[in-house]
Amino acid sequence: MSSPGQTLTVWAGSWLAGHAAPDDVLDALHAWAPMHLVVSHDEPAGDLSGVPEHSPVDGAAVLLTALRRADPAGADGIRLVLPAPGDVRGLPPGTALARAAVAAGEAVLAGAPGTPGLGFVPSVEGPDVLRWTLFAVPAVPERPPSPASGRPSSPCARRCGTPRRGWARC
């Protein structure tokens, strides 16, 4: 996997769907760092996740508990978001979650669209430590349209009105 968020999304989604064991998820996450610290950004995130605000808890297993609490229905409510400055599609705009996700280059959203959920943002704390900050999301945004939907999604496609492939320029 190319990022901690991608690893969490793929393996936890498989676990929530009943296709992987929790230990498989933890093993995959430990490939990124032997120690995972999990902390809630604020009180609402702590209330939803069960993880204390501003007081890191050690253990990647805490992530699984928080995911289950945020998405009790299963794998349909977990997704990876790869934002960039000026492009926060799939995240609630103007929030601490969006700012942290842009800084990290990724976030994982858990929860069904339109319902309260959690955002998970990883950051490297040291050579052997990965910190996950949890953010409350009052209403998980709908999934942005995919390029396959025929609706323009890339900045180039929005400017030109035509989806482009590869390195083609507008």
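The values are calculated or read from the model by the stated rules, or taken from the named source; none is laboratory data. Remember, it's a predicted structure, so these values are computed and weren't measured experimentally. Positions of Cβ are backbone-derived with ideal geometry, glycine not excepted, and every protein chain shown enters the neighbour counts. In case anyone asks, the SASA skips ligands and DNA or RNA and just uses the protein heavy atoms, side chains included. Shrake-Rupley method; radii C 1.70, N 1.55, O 1.52, S 1.80 Å.
A few points about this structure:
- Label zone at residue 96 (point 7 Å along Cα-to-Cβ), backbone N below 12 Å, the range 34-51: 39-47
- Carbon plus sulfur fraction of accessible area for the range 1-155, probe 1.4 Å, in percent: 58
- Shape of the range 1-120, Cα gyration tensor, a/c cut at 1.5: rounded
- To the nearest 10, the accessible area of residue 65 is 80 Å² with a 1.4 Å probe.
- Cut-off 15 Å between beta-carbons: net charge of the residues surrounding residue 31, Lys and Arg +1, Asp and Glu -1: -4
- The range 112-142-the range 41-95 distance, computed between alpha-carbon centres (Å): 3
- Local electrostatic count, residue 65, Cβ distance below 15 Å [Lys/Arg +1, Asp/Glu -1]: -2
- For the range 9-83, the relative contact order works out to 32 percent when only alpha carbon pairs closer than 8 Å and six or more residues apart are counted.
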